[in-house]
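S.K.: Before anything else, here's the structure in question.
Please treat every number below as a calculation from the coordinates, not as lab data. All of these numbers come straight from a predicted model, not from anything done at the bench. Ideal geometry is used to build each Cβ from the backbone, glycine not excepted, and the neighbour counts take in all protein chains shown.
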Amino acid sequence: TTRGTNRVSICAVFLLTSHFFDHCFQLHEGNLYVTTSKIDGTTPTLCLLDFGLIAHVSEDARNSMTQAIVNLLQGDYDTLIAHDAKHLGFLPHDMDVTELKPLLKTILKEGLVESGSNLHDRRRNLMAISNELNEVF
């Protein structure tokens, strides 16, 4: 559900920003288990499984990822592409992103954000974008 997806997203950001590690973005239903608190035996507690794929995240990288997430959520794709993607090492620092921006904005906006949490809608939208890009290239 959307509510569950939001809680998982909040959990991932919490782990990244407060405990300095990342679950390598593998948080999904198969890696989550709801159990009860060991303290009172009744409070629902979220248990994260499969900690074989975790990484320590430096403070600089953590701050950069946090800023990139904020820019994504605010729809500031220009800053996300021109600054955050470069700072995180996805793009070379000296790269001119003028031609790349419209393509990445389409992928981010239509393929991910506007698709919401429905994976089927997201997959369908990303496939349509991919088909359009294949016609160009």
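S.K.: Between LEU32 and residues 5 or more places away or on another chain, which pairs have amide H atoms under 5 Å apart, with H built 1.01 Å from N, and which residues are they?
M.R.: Residues meeting the amide H criterion: LEU49.
S.K.: Residues with amide H under 5 Å of THR45's amide H, sequence separation 5 or more or different chain, H placed in the peptide plane at 1.01 Å from N; which?
M.R.: Amide H to amide H, under 5 Å and 5 or more residues apart or across chains, THR45 pairs with THR35, THR36, SER37.
S.K.: Could you run the Karplus curve 6.51 cos²θ - 1.76 cosθ + 1.60 with θ = phi - 60° over region 61-66 and give me ³J(HN,Hα) per residue in whole Hz, x for Gly and Pro?
M.R.: Working through the residues one at a time gives 5, 4, 5, 5, 5, 4 Hz.
S.K.: For labels at ASN63 and ARG124 in the simple 7 Å Cα→Cβ model, what's the distance in nm?
M.R.: Label at ASN63, label at ARG124, 4.3 nm between them.
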